[in-house]
Amino acid sequence: MKYYKKRRHSGVHKPLGNPAFSDDDPLSGVANLFDVGLVFIVGLIVTLFSAYSMQDLFDEKKNMTIMKQSDSGEMEIITKKGNKIKAVKMSKSKMTGQGTRLGVAYQLQDGSMVYVPEK
C-alpha cells in the first residue's frame with residue numbers, strides 16, 4: 001500500500017494519449033486532409049464516369065467505340081471489345097496496298113460523318 005500512495009502523490013502528471021496529437025500542435029487539423037483529398041478524387045472520378053455515360057467501359061459484355069479529334073486535327077479511334085481496349089491513331093498521309101472495300105463514309109452538311117457498310 002505504501003507504494004500505491006507514493007505513485008499517487010508523486011506530483012508528476014503526464015498527459016494521456018500521444019503528445020504528438022496535442023492541442024498545441026498546429027498541424028493536428030491538417031492530418032486528415034490527405035484522406036479527405038482521396039475521398040474527393042474518388043467521388044470526382046465516379047461523377048465524371050456517370051456524367052459522360054462511361055459505365056459501359058467497365059462492363060465486359062458491352063462493346064463501344066470512341067472517336068477523338070485533337071486541336072491539331074489528328075484523329076484517334078478507341079475501341080473496346082469485351083476486356084480488350086485498343087487505340088488507333090489516324091494520320092493524313094496516303095497509304096497504298098491491297099485490301100477489300102468495306103463501305104462508304106459520307107459527310108453531312110452539319111459536319112457529322114455517316115458510315116454505310118456494304119452488304
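The values are calculated or read from the model by the stated rules, or taken from the named source; none is laboratory data. What you are looking at is a predicted structure, and each value in this text was computed from that prediction instead of being measured. Because the Cβ atoms are built from the backbone with ideal geometry, glycine has one as well, and the counts that use them run over all protein chains shown.
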**Item:** Residues satisfying the stated conditions in the stretch 46-72, i.e. assigned to a helix (DSSP H, G or I) and either surrounded by 10 or more Cβ atoms within 10 Å (Cβ to Cβ) or of a type outside the set (A, V, I, L, M) (or both)
**Value:** V46, T47, L48, F49, S50, Q55, D56, L57, F58
**Request:** Would you confirm whether any residue within the stretch 21-35 is modelled with pLDDT of 80 or more and hydrophobic (A, V, I, L, M, F, W, C)?
**Result:** yes
**Whichever residue in the stretch 73-119 is in a loop (DSSP other than H, G, I, E, B) and among the aliphatic types (A, V, I, L, M) and, among such residues, is modelled with the highest pLDDT** = L108
**Request:** Considering only the stretch 93-119, state which residues are of a type in the set (D, E, K, R) and in contact with an Asp or Glu (Cβ under 8 Å, 6 or more places away or on another chain).
**Result:** R101
